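Take a look at the structure set out below.
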Amino acid sequence: MPKNAEKARILIVDDEPINIHVLSNALNDTYNLFAVTSGREAIAFCMTHAPDLVLMDMDMPDINGVEACKTLKEKSETHDIPIVFVTGHGDSDAEDKCWEAGGVDFLTKPVNANTLNHRIKSHLALKELTDELRRMAYQDGLTQVSNRRYFDEYLLRQQKLSQRSGSFFALLMFDIDFFKSYNDHYGHLAGDDCLRLVAKVLKQSVERPGDFVARFGGEEFAVVLPETDIAGAILVATKLLANVRELGIKHKGSPFGVVTGSIGIAASDGSKKTLQELIDTADRRLYVAKTSGRDQFIS
Ligand code: GH3
Ligand code: MG
Ligand code: MG
Ligand code: MG
């Protein structure tokens, strides 16, 4: 069972309603079941509903099960959904195709209900563990935003996308002002609380689907904005600074009286700069924002 005790959601894909009926009856009622009758619908459903597991027929009109599986494995949004093939093809060539397409398991019809339920249970358990491991590997333990490791991967992916499309993406380096003095006045634990609050408000302040916030280190956060040039990044930076200031976290050691941050902005169309140059540019501008007053951005 998923940790939040919600029922796991299973999508049954089969062009024949009788098969959907049989599988539904075979599955025990700890699952939340959905069904579609084509590969095309399966892809659309997975993109919008992200089921926990898919039971996939092979032969279907339009997109067949193997093709649908390949497509799902190619998309980052659906890549991690385990796909169990349930098919009338018992031959080994068909099995090979399912494995090659990225399926996690293969069952032949008629399916033994007990076997089906056991296989599903173990795939769901494995998925949950994998998700948890991935979360731990990519999330900052203190603030729950992405960590540096994920930031590095995300930025690299963004650069590749941008190289292909020719569109700009922006990087914002945000650093809390006078944070050493905050710790000195209020203690390290209060400092940790402050970091959590700031991380949360940064995350809430970016709106577009690909916008990304990570803890870069210490009291410094990185924000990646896909499909965004300097002008767009300035709008976001203005909002980030205002939202942090408006948190109103008292800070006796700051001339502003409340916790504020400074931002350095850099943008790239993927072609000219290396990622290190992009980060260096944002860092340099952050430094200027600091030395020329703080609670501001430099672009
Ligand atoms: P500036 O306005 O120039 O950025 O000054 P600053 O004091 O914010 O910068 P400085 O780099 O001198 O100090 C950063 C402080 O952030 C020092 C460090 O102890 C604190 N810090 C880094 N990580 C954590 C953390 O995880 N928790 C807490 N409470 N403090 C942290
Ligand atoms: Mg079929
Ligand atoms: Mg600082
Ligand atoms: Mg710093």
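What follows is calculated from the coordinates using simple rules that are stated; it is not laboratory data. Here the structure is a predicted model, which means the values were calculated and not measured. Backbone-built Cβ (ideal geometry, glycine too); neighbour counts: all protein chains shown.
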In whole µm²/s, the translational diffusion coefficient that Stokes-Einstein assigns to the stretch 213-283, given a Kirkwood hydrodynamic radius over C-alpha pairs, 25 °C and 0.890 mPa s, equals 180 µm²/s
Dividing the alpha-carbon Rg of the chain by 2.2 N^0.38 Å yields what? 1.27
Taking R0 as 35 Å and r as the Cβ-Cβ distance between Asn117 and Ser76, the FRET efficiency 1/(1 + (r/R0)^6), rounded to the nearest 0.05, comes to 0.70
When averaged across all projection directions, what area in nm² does the alpha-carbon convex hull of the stretch 1-121 cover? 6.8 nm²
Amide hydrogen neighbours beyond the local backbone of Val258, cut-off 5 Å, H modeled: His251
For the stretch 87-134, what is Rg from Cα atoms divided by 2.2 N^0.38 Å, rounded to two decimals? 1.33
Charge tally in the Cβ shell below 13 Å around Gly217, where Lys, Arg are +1 and Asp, Glu are -1, Gly217 excluded: -3
Take the Cβ-Cβ distance between Leu275 and Arg164 as r, set R0 to 25 Å, and report the resulting FRET efficiency rounded to the nearest 0.05. 0.95
Cross-link pairs beyond the 27 Å C-alpha cut-off, checked among Lys7/Lys160; Lys7/Lys97; Lys97/Lys127; Lys200/Lys290; Lys7/Lys75; Lys97/Lys121: Lys7/Lys160; Lys7/Lys97
Point-to-point label distance, Ala44-Val258, nm (Cα→Cβ direction, 7 Å offset): 4.7 nm
Antiparallel content of DSSP bridges confined to the chain, in %, to 5: 50 percent
More than 14 angstrom apart: percent of Cα pairs within the stretch 101-164: 72 percent
